[in-house]
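Note sheet for the following structure.
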Amino acid sequence: MNAKSQITVTFLPEQRTASVKHGVTLLEAVRKAGIVLPTRCGGKAGCMMCKVSVERTDAAGLRPPAEAEKRKLGSLLDEGVRLACQAAVWGDVQVHIPEDPLKAAVRRRLEAARRGESEDLW
């Protein structure tokens with residue numbers, strides 16, 4: 001297998017990457033990168049829990065949305081939102097994974113502590 005047959009998917013903000021084959025879904029790539037992305041529908045575009053976002057400049061790295069994804073996301077597609085279970089990888093791409101709210105709160109508290117600020121979050 002040569003290097004050209006592998007595609008690099010970078011997940012932000014964690015900067016984790018996965019090397020996958022053309023046509024693999026983002027959900028499969030997320031799991032390969034060791035990132036937890038919740039889903040309840042088993043990858044059938046039913047629960048909409050696996051929403052991710054992609055910048056316009058990276059949109060060509062994914063297969064255009066199929067009908068199921070268009071129906072579920074509607075105008076969110078215009079904002080770069082995709083369903084990881086439906087979006088197939090066609091080329092190198094950077095994907096933004098929503099940060100877990102609890103993890104985000106802890107991160108903000110730690111950053112404030114590093115700056116010497118006092119945050120009364122607890």
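Throughout, read-outs are computed from the coordinates displayed, never taken from laboratory work. On a predicted model such as this, the values are computed, not experimentally measured, just so you know. Every residue, glycine as well, gets a Cβ built from its backbone with ideal geometry; the counts of neighbours run over all protein chains shown.
One table, with the values for the structure above:
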read-out	value
Cut-off 11 Å between beta-carbons: net charge of the residues surrounding ARG56, Lys and Arg +1, Asp and Glu -1	-4
Partnerless cysteines, meaning none of the other Cys C-beta atoms lie under 4.7 Å away, in the chain	CYS50, CYS85
Candidates per trypsin sites (Lys or Arg not before Pro) in the range 1-89, loop by DSSP, up to 15 other Cβ within 10 Å	ARG40, LYS44
Normalised contact order of the chain, rounded percent, pairs of Cα under 8 Å and 6 or more residues apart	30 percent
In degrees, nearest ten, helix 101-114 long axis to first principal axis of the chain (Cα)	50 degrees
Added length on full extension, which subtracts the Cα-Cα distance from 0.36 nm per residue, ALA59 to ARG31	8.0 nm
